[in-house]
Amino acid sequence: MSEDMDADADAEALEPIPADEELETVAELAKRRGFFFPASRAYGGVAGFYTYGPEGAALKRNVEDAWRDLFVTQEGHMEISAPDVMPEPVFEASGHLDGFDDMIIECPECGTNHRADHLVEDATRIEEAESLPIPEVEALIAEYDLDCTTCGASLTDVPVEEFNLMFETNIGPGSSQPGYLRPETAQGIFVEFPQLKQYARNQLPFGVAQVGTAWRNEISPRRALVRVREFTQAELEHFVDPDEDEPPLHRVADVELTLYPADEQEADDGGEASEASRTSSDSSDGKYVTCTVQEAVDENIVASDWVAYYLGLARDWYERVGVDMDRFRYRQHLSGELAHYAADCWDAEAELGGDWVEITGFAYRSDYDLSKHGAHSDEEFTLFKQYDEPKTVERATVDPDMSVLGPEFGGDAGAVQEALNDLVERDPDAFDGEVVEVEADGESYEVDVEHTNFAREEVTESGEHITPHVVEPSFGIGRIVYTVLTHAYDRDLVDGEERAFLDLPPEVAPTTVGVFPLMDKDGLGERAREVEADLRQAGFAVAYDDSGNIGRRYRRQDEVGTPYCVTVDYESLEDDTVTVRERDSTEQARVDIEELPVTLTALRTGSTDIADL
Ligand code: GAP
């Protein structure tokens, strides 16, 4: 073996990089090695848009594939791909036109727009200022005497307003049909429910996934991929019957969760840990509860079994793609922080550069979305649920006598008739007296019950129309890629020389194997090219490198997280073997060229170890 190849035998751990230098170091690496960088630099760039370079695009694709593998293939759900642009009525119905706002404050001196809640978070110990009402945020800005971070002007008494985050556009020429870039991929699934339920043969539960772009006109994009204006979401909308369907909890019952419940966050100085906690550790404010999924459900720490199921399922997935579990927690939303559609929500959070960042939201959306789209559109957003046995039920009906209501209520008679029809379904007992009162168009009307032709009858029904509930794990792929990259960044000493490397899991590493000829002469280059071609044919992501000494080539691959490197040397020409070197340990083994695809697959999937070769 040559000295070059030997040079790398011993690796010695170094202290991790300090938190305040971590993100800067990763951003520098990301740009230099082609993971991601600000977009459209040739034209000055614009905040909140990033381009993934060759390494980043491959890492992102691998993370998305790992997500699909679990949440679509293994869990048996469907995947769709809906348009990014949707017409205005979709967002009127979904509540995004009215409720998808952030708090904005505009500096009166320089005109810079700030996110008011972020100014408060940066200046105080408050972690989730978005959950506070606007007057409280204004009061905090005055109390802490906060200034514009651009020009230093005082922001006291400057009004905080709501700013809708959706990007608006016009569909077709003119402005007659407004549209919006979807702020979440979820709406593309909800609006197609009437069609999708047929593909699921009208049987609950079923899940529909989508991996695609979401758009938010963020007031102040920040921290690289953490808050951007265009990003990829991987969302699963799991439609369930709330009365009957239960998650297969046993599959994740023993998974250990680190939970940060709302009451612990609200605790001033540590508070009491939940009785349920098996162990607890201090966070900055309250205490974490460490328990299994089963315990979290039994002791009602996570109220929804479905949400608990997904917390368990996702926890192992994060580990699989390279999130450091010592820098990970699930945090429950505070009540003021819940999105307009969510009944309960937990976020997966990762620690990046000393701050906690939400990487996924797990929401119980109840029947909010399907009910809204059902009410706003002409389609059926319900599902017919067949009873095991037909049921005989009492049904109350009215058949208002319009020959009486017409002369009595004039132009309002139609509205009164409709109100009577609604009321009999909601509250048949309201017809028990002689007169019934209904509201129509904001007015109150009294109607003689005898003129409503109220009746109760027994009917036999084979089923009922129900609106499914929705459980939604919503993953931000960009933030996960950023987390994986940051948590993978490591340094050590190899034979006294410092090396930076990414200890990415082989499944997500942009390149699986680097192929090097020891030298580009004496037929070594040709043989290495053959090895490269064979590995590509076998489906491996390969990088070929013949420049510089072998040690430098190892370092280049280490820095982009390539788990294995193969070197073709003079011995290879004689006995058809090569050196395989493993990234983290820097250990090496001699392998038959013919066996390379099988050996690398075994290493990649963890069924063998370099030391066993
Ligand atoms: N459908 C639910 C939904 O969209 P969300 O919590 O607003 O929920 C889900 O978003 C995930 O999308 C977040 O956990 C985060 O990872 C990602 N995300 C949200 N806004 C983002 C932004 N401006 N930049 C990057 N990722 C973002």
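In the set Ala47, Ala66, Ala30, only one residue is among the hydrophobic types (A, V, I, L, M, F, W, C) and within 16 Å of Asp490 (Cα to Cα); that residue is Ala30. Checked against (1) within 30 Å of Cys345 (Cα to Cα); (2) touching a His at 6+ places or on another chain (Cβ under 9 Å); (3) surrounded by 14 or more Cβ atoms within 10 Å (Cβ to Cβ), Phe384 meets all criteria but (3).
Scan segment 362-421 for residues that are part of a helix (DSSP H, G or I) and among the acidic types (Asp, Glu) and jot them down. Answer for segment 362-421, where residues must be part of a helix (DSSP H, G or I) and among the acidic types (Asp, Glu): Asp369, Glu408, Asp412, Glu418. Within segment 346-367, being of a type in the set (Asp, Glu) and within 11 Å of the ligand (Cβ to nearest atom) holds for Asp347, Glu349, Glu358.
Within segment 155-182, the residues that satisfy the criterion of being without any contact (Cβ under 8 Å) to a residue 60 or more places away in the chain and in contact with a helix residue (DSSP H, G or I) (Cβ under 9 Å, 6 or more places away or on another chain) are Leu155, Thr156, Asp157, Val158, Pro159, Val160, Glu161, Glu168.
Only residues that are under 30 Å from Gly514 (Cβ atoms) and surrounded by fewer than 14 Cβ atoms within 10 Å (Cβ to Cβ) were counted in segment 37-50, giving 1. Considering segment 447-562, the qualifying strands (runs of 3 or more DSSP E), each wholly inside and each with 3 or more residues that are away from the ligand (no atom under 16 Å from the Cβ), over 30 Å from Val191 (Cα atoms) and not aliphatic (A, V, I, L, M), run over 455-466, 489-494, 497-502, 513-517. Considering segment 175-275, the qualifying helices (runs of 4 or more DSSP H), each wholly inside and each with 2 or more residues that are modelled with pLDDT under 95 and in contact with a Ser or Thr (Cβ under 9 Å, 6 or more places away or on another chain), run over 262-266. Within segment 418-466, the set of residues being among the polar types (S, T, N, Q) and either farther than 28 Å from Glu379 by Cβ or out of contact with any Phe, Trp or Tyr (no Cβ under 9 Å at 6 or more places or on another chain) (or both) comprises Asn421, Ser444, Thr452, Asn453, Thr460. Across segment 283-333, the number of residues qualifying as assigned to a helix (DSSP H, G or I) and more than 20 Å from Trp356 (Cβ to Cβ) comes to 13.
Among the residues making up segment 563-586, those that are among the hydroxyl-bearing types (Ser, Thr, Tyr) and outside any strand (DSSP E or B) are Tyr570, Ser572, Ser585, Thr586. Checking each residue in segment 191-220 for being touching a Phe, Trp or Tyr at 6+ places or on another chain (Cβ under 9 Å), away from the ligand (no atom under 11 Å from the Cβ) and of a type in the set (Lys, Arg) picks out only Lys197.
Mind telling me which of the residues Leu485, Leu504, Leu420 ends up being out of contact with any His (no Cβ under 9 Å at 6 or more places or on another chain), touching a residue at least 24 places away in the same chain (Cβ under 8 Å) and in the same structural domain as Glu230 (by TED's automatic domain parsing)? After ruling out the rest, the residue left standing is Leu485. Within segment 114-123, one or more residues are surrounded by 19 or more Cβ atoms within 10 Å (Cβ to Cβ), touching a strand residue (DSSP E or B) at 6+ places or on another chain (Cβ under 8 Å) and part of a strand (DSSP E or B). Exactly one residue out of Asp388, Asp427 is free of Cβ contacts under 8 Å to residues at least 12 places away in the same chain and within 30 Å of Ala200 (Cβ to Cβ): that is Asp388.
Looking across Gly188, Gly174, Gly152, Gly179, one residue alone is closer than 30 Å to Leu236 by Cα, of a type outside the set (Ser, Thr, Tyr) and away from the ligand (no atom under 16 Å from the Cβ). It is Gly179.
Leu334 satisfies every condition listed in (1) of a type in the set (A, V, I, L, M, F, W, C); (2) within 19 Å of His238 (Cβ to Cβ); (3) away from the ligand (no atom under 12 Å from the Cβ); (4) in contact with a helix residue (DSSP H, G or I) (Cβ under 6 Å, 6 or more places away or on another chain) except (2). All of Arg583, Arg556 fail the test of being under 22 Å from Pro54 (Cβ atoms), of a type in the set (Lys, Arg) and touching a helix residue (DSSP H, G or I) at 6+ places or on another chain (Cβ under 7 Å), apart from Arg583. Among the residues of segment 252-270, none qualifies, meaning not one is within 13 Å of the ligand (Cβ to nearest atom) and surrounded by fewer than 20 Cβ atoms within 10 Å (Cβ to Cβ). Among the residues of this structure, Gly48 does not count as one that is over 30 Å from Glu337 (Cα atoms) and in the same structural domain as Arg216 (by TED's automatic domain parsing). Determine whether Glu587 is under 26 Å from Glu497 (Cβ atoms) and within 33 Å of the chain's Cα centre (by Cα). Judged against the criteria, Glu587 is not a match.
The set of residues from segment 423-446 being charged (D, E, K, R), over 44 Å from the mean Cα position of the chain (by Cα) and either outside the structural domain of Ala396 (by TED's automatic domain parsing) or outside any strand (DSSP E or B) (or both) comprises Asp429, Asp432, Glu434. Only a single item in (1) hydrophobic (A, V, I, L, M, F, W, C); (2) more than 23 Å from Thr360 (Cα to Cα); (3) in a loop (DSSP other than H, G, I, E, B) is not met by Ile141, and it is number (3).
Taking segment 1-108 as the region of interest, the helices (runs of 4 or more DSSP H) fully inside it that hold 2 or more residues being more than 29 Å from Asp355 (Cβ to Cβ) are 3-6, 88-94, 96-99. Does Leu146 meet the test of being touching a Phe, Trp or Tyr at 6+ places or on another chain (Cβ under 9 Å), modelled with pLDDT of 95 or more and not basic (Lys, Arg)? It is false that Leu146 is touching a Phe, Trp or Tyr at 6+ places or on another chain (Cβ under 9 Å), modelled with pLDDT of 95 or more and not basic (Lys, Arg).
The values are calculated or read from the model by the stated rules, or taken from the named source; none is laboratory data. Everything quoted here is computed from the prediction, not taken from an experiment. We place every Cβ from the backbone using ideal geometry, glycine too, and count neighbours over all the protein chains shown.
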